[in-house]
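For reference, the structure is listed below as structure tokens.
Since every read-out is calculated from the coordinates, none of them should be taken as a lab result. Values in this document were obtained by computation on a predicted structure and should not be read as measured data. Cβ atoms come from the backbone with ideal geometry, glycine included; neighbour counts cover every protein chain shown.
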Amino acid sequence: MTEVAVAGAKRGCLTVAGALLVLALLALGVAGWLWQDHARFARMPLSAQADSVVVAPGDSVRGVLRKLRAAGVDAGHDWNWILLARQVGAAGHIKVGEYALKPPLSPQALLENMRQGRVIQYRFTIVEGWNIRQLRAALNVATPLQHVAADLDDAALMAKLGFASQHPEGRFLPETYLYQRGDTDLDVLARAHKAMEVALAEAWKQRADDLPLRSPDEALALASIIEKETALATERPQIAGVFVRRLKLGMKLQTDPSVIYGLGSSYDGNIRRRDLENDTPYNTYTRVGLTPTPIAMPGRAALQAAVRPAPGQALYFVAVGDGTGAHVFSDDYAAHTAAVARYLQRRRAPAEQDAVP
């Protein structure tokens, strides 16, 4: 081969090598740009028309993408989402549940939430002093809770929870419970029932030595009465002391909330003499001892008061009548009668003032 031919071949090789180098640099540049664009996509804030998206069993990344598009999420190409899902370990590991789409939220944060199961949590609060009717009514309107117990009577409800022989009153601890879409009212009740069992067992372990209660169930019944008698936590041990002393002496408890509970739906806001004289299992004016079941859902403070009542000699109490919810405690009936008279006078005073021309 001549020198000219060799030189030409070398120049041709250099030209090809240069072209390949240029192509490689271009490819690297495009790849770098694509990677930077993908990184921006991963961090960019999402916007959506819907507040949430629901991942169902069997949903793949592409299936979730279709739901996100339907929810109004319009960000990035499918390959961005698929690649990002692999990067954060969400591919094949997206957990079932409802996920928030409210800003600030990036695609990466959303996929990490789905991988770790950070679903939307809803709250349901059982209020201290609610009875079972009020609890069930509140559950029936809680959303997005599934209502599977709405058509069950109380006995069937307790059977579903695994406590067929147990009366439902007082058995669910007043607290706030978290639930997620797909949970049922039975799920919430099961957690509340378990919480009450634990709280009651803990309280019973701390009971006073001379307590006239034979079982945790009796402590629960007493706690429910204490719960309904006062909204002031500071007074609960004192009220518990009154009832405990009455039980020891064989006196009737004579507590209005138990009579009201016995009246059920017929109670119209007033207790009449005939109600106090009408003998029912819950009328503590006609019967000695505790009510046959609790009359409400007692909170932890009422449970503690029932098993650790305050010491003292008081056997009576009546509302002060000043709007604070406080009570006057008396050791004997004469002092109690005077306290009742003062209470009635305070109640009459506003009406007498309104009647002045």
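Here are the numbers for the structure shown:
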read-out	value
Global geometry of the range 52-116, whether rounded, prolate or oblate, following the gyration tensor of its Cα atoms and the 1.5 cut on a/c	rounded
FRET efficiency for Thr184 and Thr234, using Cβ-Cβ distance with R0 set to 41 Å, rounded to 0.05	0.60
Filtered chymotrypsin sites (Phe, Trp or Tyr not before Pro), the range 246-337: DSSP coil and at most 16 other beta carbons within 10 Å	Tyr267
Length gained when the stretch Ala159-Gln345 is fully extended (0.36 nm per residue, less Cα-Cα span)	61.9 nm
Ordering of 165-175, 97-107 by packing [mean C-beta count within 10 Å, highest first]	165-175, 97-107
At R0 = 25 Å, FRET efficiency that the Cβ-Cβ distance of Ser52 and Trp79 yields, to 0.05	0.50
Among (i) 75, 61, 36; (ii) 64, 45, 42; (iii) 136, 58, 39, the entry derived from the coordinates for Cα extents along the principal axes in Å	(iii)
Residue-averaged 222 nm ellipticity for the chain, from DSSP H runs of 4+ at -39500 (n - 2.57), nearest 500	-16000 deg cm²/dmol
Extension gain (nm, one decimal) between Tyr267 and Thr176, 0.36 nm per residue minus Cα-Cα	29.9 nm
Computed FRET value (nearest 0.05) for Lys252 with Arg123, which takes r as the C-beta separation and R₀ as 41 Å	0.50
For peptides 180-190, 54-64, sequence by mean Cβ density within 10 Å, most packed first	180-190, 54-64
Protection proxy ranking of 138-148, 206-216 - average other beta-carbon atoms within 10 Å, highest first	138-148, 206-216
Rg to Rh, two decimals, where the range 122-200 supplies the alpha carbon set and Rh follows Kirkwood	0.91
Kyte-Doolittle mean at least 0.5, axial Cα span of 27 Å or more - DSSP H helices of the chain	3-43
Local net charge near Ala192, Cβ-Cβ under 11 Å (Lys/Arg +1, Asp/Glu -1)	-1
